[in-house]
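S.K.: I have a structure here, written as C-alpha cells, and I will follow up with some questions on it.
Coordinate-derived values only; no laboratory data. Just so you know, these numbers come straight off a predicted model, no measurement behind them. Every residue, glycine as well, gets a Cβ built from its backbone with ideal geometry; the counts of neighbours run over all protein chains shown.
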Amino acid sequence: MTMFLLSLLLLALFWYTLWLWFAALFDGGTGGGLSILDRKVRSLVARLDDMFVPVTTRTAATVVLGLTIGGAALGFLLPSAATQLERHAIDQAVERNKEGDYDGALAALSHSESSNSALACNEMGVAYLATGNLDLAEKSFAKAVALVPGYAKGQANLATVYGLRGETEKEAFALSRAKAVERLPLSAAELYPPAQGLFSHLLLRLFSLAVFACAAWRLPELGIFLIEQRRAKQFETQLADGLIMTANALRAGLSLLQALDLTAQKAPAPLSQEFGLLLKEHRLGADLSDALKRLAERVGSADSRIFANSVIILRETGGNLTEIFDTLAATIQERKRVMKKIQAMTAEGETQAYFLAALPVVLGIVLYQLDPKSISLFFTTFGGWLMLMAMALMEVAGLSLMLRIVKVKV
C-alpha cells in the first residue's frame with residue numbers, strides 16, 4: 001500500500017512538473033514576452049535564414065515539438081525492451097540446453113537469477129543438473145514450480161533431482177504432482193516473464209523520458225550547428241578565388257561595389273549568396289562597413305573576418321584594394337597549402353588511431369565467426385548490451401583522445 005501511494009505521489013509530481021514546463025513552453029507570461037518555444041523557434045528560423053534556407057516558424061515549431069514528443073515517448077517506452085531481451089535470452093537458453101551447451105545456457109540466463117519466469121528457472125535448473133550441481137538445480141526447479149504450480153515439466157525435473165539424491169518419498173510426491181497437473185491447460189505466456197505495464201518501473205521510465213526529451217529538444221540546434229560548420233568551410237574554400245575575381249574586376253576599372261556584384265554573379269554558393277546579401281543590405285541603406293561586419297558574423301570563419309576588417313580599414317585609411325585582395329588570396333591559399341601539409345604529416349597518426357579503434361570491432365566479428373554461440377550473448381542478454389554500451393563509450397573516448405594527440409593547433 002505504501003509503494004502504491006508513493007507511486008501515485010511521484011506520478012502526480014511528474015504531471016505537475018510537466019504541466020509547469022508546458023506552461024512555460026507555450027506561455028510568454030503577462031508581460032507580453034516570448035515563450036520558450038517562440039524564442040527557440042525564432043532563433044532556429046533566423047539561423048536558417050542566415051544560410052538562405054527559408055523555413056516558416058510553424059514548420060520549425062512542428063519539427064521541434066515532434067522531436068521532443070517523439071523522444072519523450074521513446075524514453076518512456078524504452079524500459080519495456082528489457083522484457084523482450086529477457087524473453088530472447090530464455091529462448092537462447094532453451095536452444096543451448098537442447099544442444100548440450102549448458103555453460104552457454106547459464107551464461108544466457110546469468111541476469112535471470114531473480115527472474116519471475118518459470119521457464120527461465122527451469123532451464124537454469126536443467127543446466128545446473130547437467131553440470132552436477134544438484135543443490136542449485138533443486139533450488140531453480142523449486143522456484144519454477146512455486147511460480148507456476150501447474151508446470152508439469154518443472155515438477156518432473158524436481159523429481160529427477162530427488163531421485164538422484166535417493167529421496168524416494170519426495171521423488172514420488174513430485175512425480176504424483178507432475179502427473180496430476182500435466183493435463184491442466186498451461187499457456188506459454190505463463191512461463192515467460194510477466195509483461196510490463198506502462199506504470200511498471202515508473203522511476204526508470206520517468207528518468208529515461210526526461211533524458212530522451214532533453215536530447216530531442218537540443219537536436220535541431222545540433223543539426224543547424226553542423227550545417228553552419230560545413231557552410232563556413234565551403235565559404236573559406238571559395239573565398240580565395242572570389243578575392244582574385246574581385247581584384248581582377250578592380251584592375252579592369254570597376255568600383256568596389258561593382259566588383260563585388262560581379263563576383264556575386266559568377267561565384268558559386270555560398271560565396272555568391274553572402275556577397276549578394278552584402279550588396280542588398282548596402283542598397284537598402286546600410287553602411288558597407290556594417291554590412292561587412294554582419295557578413296563576418298553570419299559566416300563565422302577566420303578568413304571572412306580578415307576580409308571584412310581589411311576592407312573596412314582600407315575604406316577609412318585609404319589604400320590599394322587590388323593589392324590587398326591579391327595578398328589576402330595568396331595568404332588564404334598558402335594557409336590551405338600548409339594545412340594540407342600538416343594533414344599529410346599527421347595522417348599516419350590518425351590512421352593508427354582509426355585502426356586501433358576498429359580493431360575491437362573487427363576482432364569481435366572474427367570471434368563471432370569462430371564461436372557464434374558465445375559472442376551472441378553480447379546481443380541477446382541485458383548484461384551483454386550494457387557491456388556493448390560501455391565498450392562503445394570507451395571506444396569514442398579513446399578515439400577522441402588519440403585524434404587530439406596527433407592534431408596540430410594552428
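S.K.: For LEU359 and VAL211, calculate 0.36 nm times their separation in residues minus their Cα-Cα distance, and state this gained length in nm to one decimal.
M.R.: Extending this stretch completely gives an extra 50.2 nm.
S.K.: Subtracting the Cα-Cα distance from 0.36 nm times the residue separation, let me have the gained length for LEU367 to ALA146 in nm, one decimal.
M.R.: Extra length from LEU367 to ALA146 when fully extended: 75.6 nm.
S.K.: Turning to a different aspect of this structure: Under a straight-distance cross-link criterion of Cα-Cα below 20 Å, which aspartates and glutamates are reachable from LYS170, leaving out those fewer than 8 residues away in the same chain?
M.R.: Excluding near neighbours in sequence, the set is ASP135, GLU138, GLU182.
S.K.: Determine the sum of side-chain charges near THR83: Lys and Arg each +1, Asp and Glu each -1, restricted to other residues whose C-beta is under 14 angstrom from that of THR83.
M.R.: 0
S.K.: Computed over the Cα atoms of region 116-191, what is the convex hull's projected area averaged over all directions, in nm²?
M.R.: Over all viewing directions, region 116-191 projects a mean Cα-hull area of 4.4 nm².
S.K.: Based on alpha-carbon atoms only, what is the radius of gyration of the chain relative to the globular estimate 2.2 N^0.38 Å?
M.R.: Cα-based Rg divided by the globular estimate yields 1.57.
S.K.: With a Cα-only, solvent-free Debye model of region 279-408, what are the log10 I(q)/I(0) values at q = 0.16, 0.18 Å⁻¹?
M.R.: With no solvent term, the Cα-only Debye profile gives -0.91, -1.03.
S.K.: Please identify, among SER208, SER187, SER272, the residue showing maximal mean-square fluctuation in a Gaussian network model of the chain using a 10 angstrom Cα cutoff.
M.R.: Per the Cα network of the chain with a 10 Å cutoff, SER187 tops the list.
S.K.: So if R0 is 35 Å, what FRET efficiency would VAL55 and GLN352 give, r being the distance between their Cβ atoms, rounded to the nearest 0.05?
M.R.: E(calc), rounded to 0.05, equals 0.25.
S.K.: May I ask for the net charge around ARG165, where only other residues with Cβ less than 15 Å from the Cβ of ARG165 are counted and Lys, Arg are +1 while Asp, Glu are -1?
M.R.: For residues surrounding ARG165, the net value is -3.
S.K.: Further, regarding this structure: What would the Debye equation give as log₁₀ I(q)/I(0) for region 344-406 at q = 0.12, 0.16, 0.25, 0.26 Å⁻¹, counting only Cα atoms as equal point scatterers?
M.R.: Listed by q, the Debye log ratios stand at -0.39, -0.61, -1.01, -1.05.
S.K.: Using Cα atoms only, what is the angle between the long axis of helix 134-147 and the major principal axis of the chain, expressed in degrees (0 to 90) to the nearest 10?
M.R.: 80
S.K.: Continuing with this model, one more query. What residue among ASP303, ASP287, ASP91 has the largest mean-square fluctuation in a Gaussian network model of the chain, using Cα springs under 10 Å?
M.R.: Among ASP303, ASP287, ASP91, the largest GNM mean-square fluctuation belongs to ASP287.
S.K.: What are the lysines whose alpha-carbon lies under 22 Å from the alpha-carbon of LYS233, with same-chain residues fewer than 8 places away excluded?
M.R.: LYS266, LYS293, LYS336, LYS340, LYS341, LYS407, LYS409
S.K.: For the chain, find the longest principal axis of its Cα atoms and tell me its angle to the long axis of helix 256-266, 0 to 90°, nearest 10.
M.R.: Helix 256-266 sits roughly 40 degrees off the main axis of the chain.
S.K.: May I pose another question? Find out how many positive minus negative residues lie around TYR354, taking Lys and Arg as positive, Asp and Glu as negative, among other residues whose Cβ is under 13 Å from that of TYR354.
M.R.: With Lys, Arg at +1 and Asp, Glu at -1, the net is -3.
S.K.: If the reach is capped at under 20 angstrom between alpha carbons, list the aspartates and glutamates near LYS280, excluding any in the same chain fewer than eight residues apart.
M.R.: Here the aspartates and glutamates satisfying the reach criterion relative to LYS280 are ASP49, ASP50, ASP261, ASP290, GLU297.
S.K.: Could you give the angle, 0 to 90 degrees to the nearest 10, between helix 2-26's Cα long axis and the longest principal axis of the Cα atoms of the chain?
M.R.: Tilt relative to the chain: about 20 degrees.
S.K.: How many angstrom separate the Cα center of region 65-98 from the Cα center of region 38-52?
M.R.: 37
S.K.: Something else now. To the nearest 0.05, what FRET efficiency results for SER400 and THR168 with a Förster distance of 56 Å applied to their C-beta separation?
M.R.: 0.25
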